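Take a look at the structure below.
The values are calculated or read from the model by the stated rules, or taken from the named source; none is laboratory data. Every value quoted in this text rests on a predicted model; they were computed, and no experiment measured them. Quick reminder, even Gly has a Cβ in these numbers, built from the backbone with ideal geometry, and neighbours come from all protein chains shown. Note: areas computed on protein heavy atoms with side chains; ligands, DNA, RNA excluded. Shrake-Rupley method; radii C 1.70, N 1.55, O 1.52, S 1.80 Å.
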Amino acid sequence: MGFLQKLTGQAALAALALMLTAPAAWPQAHVPRAGEQLDFREPTAPPPQPATADPTLDSQIAAARDALKQATTAFGEGAIRAERLTRAASGAAAGSDAWLDAQTALADLDAARARQVDVLTDLEQLASDRAMALAPPYPALDQAVTEAQQAADASAARIAALQRGLAPAT
């Protein structure tokens, strides 16, 4: 009460009124407003729908796998020739006949790898088209893309290893 004794007249009356009405207003001040109760988080995504069989896509995947098999076979045959010529040119100077033969074989090998990359590009385009259409993942397509990527990567690594065995071009 010492505080109220220092106040005079109207000031004391106003302070007393404020102290008496403040507890009644206090709980309402801490009640959340309607806008504060809204949930602005992203809704959870629905589970992906299972892919339904697509005969057209299956035939495109089969054709791409056949093309990949042919390209891989051609690469393997070319790699045997390139390895033989690269071994023959391993000590040869850049620009020699043996070195040029090995470089030509590596260029042919790179062309065979390009056919693998073409198949990979076609498969990735199919996957991209499905994604743009918001279609669910297609496991056979995903597997074919992975196989083509692995084949192209293995071929690139094999070419790089063969090139390391040759003298650098001057």
| Any idea what log10 I(q)/I(0) is at q = 0.11, 0.12, 0.14, 0.20 Å⁻¹ for the chain, Debye with uniform C-alpha scatterers and no solvent? | -0.70, -0.76, -0.86, -1.17
| note | In degrees rounded to 10, the 0-90 angle between helix 139-164 Cα long axis and the longest Cα principal axis of the chain is 60
| Per the 1.4 Å probe, what fraction of the accessible area of region 27-134, in percent, lies on carbon and sulfur atoms? | 57
| How do 124-133, 67-76 rank on mean C-beta neighbours within 10 Å, highest first? | 67-76, 124-133
| task | Can you tell me the relative contact order of the chain? Whole percent, Cα pairs under 8 Å, sequence separation 6 or more. | result | 27
| Using the scaling law 2.2 N^0.38 Å as the reference, what is the normalised Cα Rg of region 94-165? | 1.50
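Could you compute the FRET efficiency for Ala34 and Ala131, with r as their C-beta to C-beta distance and R0 at 45 Å, rounded to 0.05?
Efficiency computed from Cβ-Cβ geometry: 0.70.
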| query | With every protein chain left in place, what is the accessible area per residue of the chain in square angstrom, probe 1.4 Å? | reply | 70
